[in-house]
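Okay, so here's the structure we're looking at.
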Amino acid sequence: MSKAITYTNYGGPEVLTLTEVDTPEPGPGQVRIKVRAASVNPLDLKIRSGLMAAARPARFPERPGLDVAGVVEAAGPDAGAAPGDEVFGLAQGGGYAEYALLGRPVAKPAGVTFDTAAALVTVGETAYRGLQQLGVQPGETLLVHGGGGSVGIIAVQLAVARGVTVVTTAAEADLRQLTELGATAVRYGDGWADRVRAVAPQGVDRVFDTSGAGVLADSVALTGDPARVITIADMAAAEHGVRFSAGSPTERAEQALPELAALADAGKLDVPIGASYPLADAARAHADIEARRARGKVILLP
């Protein structure tokens, strides 16, 4: 037996409880890891609250959590790692736990912390996928909406590393950091399009919206083509002819994680960690995210 966070009905953070569960056994292609860090994602909160009940219903008792990093304890047949390996990836069957199963373990470089590895998984793959689906090319100018967010800040760094000129909209408090990462950062909110035109008089080739802040119409106007705009956050995408990238299993970029880990290991990718909590305090972590008391990625430590 081991401990994991579970919940038996939809609700607020208080439904999350630390529970005794059977320690999972790896099947073919799986490894069991001793979890050293688990990342909390906004999707976890949406599933817990019931907001995703139509698209992704909970399976009570639900075991939340997708992104984990840890040390392999046991491996099933044809698994991609061996006991003792340090790995990270998407948990199968819940990641807020002392032990988790991985079906596609990715080797964690020695120079990357467990916290950073766990924090990279979903937001890193999302940023990588968005740039891939947009078809961003070196030498182009890319506008990233929400550059201070957990997906946006990785998208900015990936694009800069690939030789793309990056302009980003963000909160006033994030502008300096984004400038230091190589982007031209402007304040979001009313008048953002004029501020973008002022700093990018050569025009904008493509737009990656990670904010969902009602920016699609003006983004299409900036590029002149809805096919050059993509969003991961605005459910009104279809109204503007814009692609909505939902991260379904068929469109996930599996190759993203090794590349992201290598960039982090080389010091070329920074993943801001906002706060860390003991596993037992998962409810407090969710509450702090909902109250916007936590900036950057939130990590649970079993």
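The values are calculated or read from the model by the stated rules, or taken from the named source; none is laboratory data. Please read all numbers here as calculations on a predicted model, not as lab measurements. Quick reminder, even Gly has a Cβ in these numbers, built from the backbone with ideal geometry, and neighbours come from all protein chains shown.
Selection of region 57-101 for residues being of a type in the set (D, E, K, R) and touching a residue at least 12 places away in the same chain (Cβ under 8 Å) yields E62, R63, D67, E73, D78, D85, E86, E98. Restricting attention to region 1-16, the residues that are without any contact (Cβ under 8 Å) to a residue 24 or more places away in the chain and under 25 Å from the mean Cα position of the chain (by Cα) add up to 0. Annotation: G214 fulfils all but one of (1) in contact with a strand residue (DSSP E or B) (Cβ under 9 Å, 6 or more places away or on another chain); (2) on the phi > 0 side of the Ramachandran plot; the unmet one is (1). Quick check: anything in region 149-170 buried (at least 24 other Cβ atoms within 10 Å of the Cβ), at pLDDT below 95, out of contact with any Ser or Thr (no Cβ under 8 Å at 6 or more places or on another chain) and not assigned by TED's automatic domain parsing to the domain that holds V71? Yes: one or more hits.
Considering only region 278-300, state which residues are in a strand (DSSP E or B) and more than 19 Å from V123 (Cα to Cα). Outline the logic, then answer.
Step one: of region 278-300, the residues in a strand (DSSP E or B) are 278, 297-300.
Within region 278-300, just P278 meets the criteria.
Can you say whether A118 is surrounded by 24 or more Cβ atoms within 10 Å (Cβ to Cβ), out of contact with any Ser or Thr (no Cβ under 8 Å at 6 or more places or on another chain) and either at pLDDT 95 or above or in a loop (DSSP other than H, G, I, E, B) (or both), as far as the supplied structure shows? If you could, list the steps in order and put the result at the bottom.
On the way: surrounded by 24 or more Cβ atoms within 10 Å (Cβ to Cβ): yes; out of contact with any Ser or Thr (no Cβ under 8 Å at 6 or more places or on another chain): no; either at pLDDT 95 or above or in a loop (DSSP other than H, G, I, E, B) (or both): yes.
No: the conditions fail for A118.
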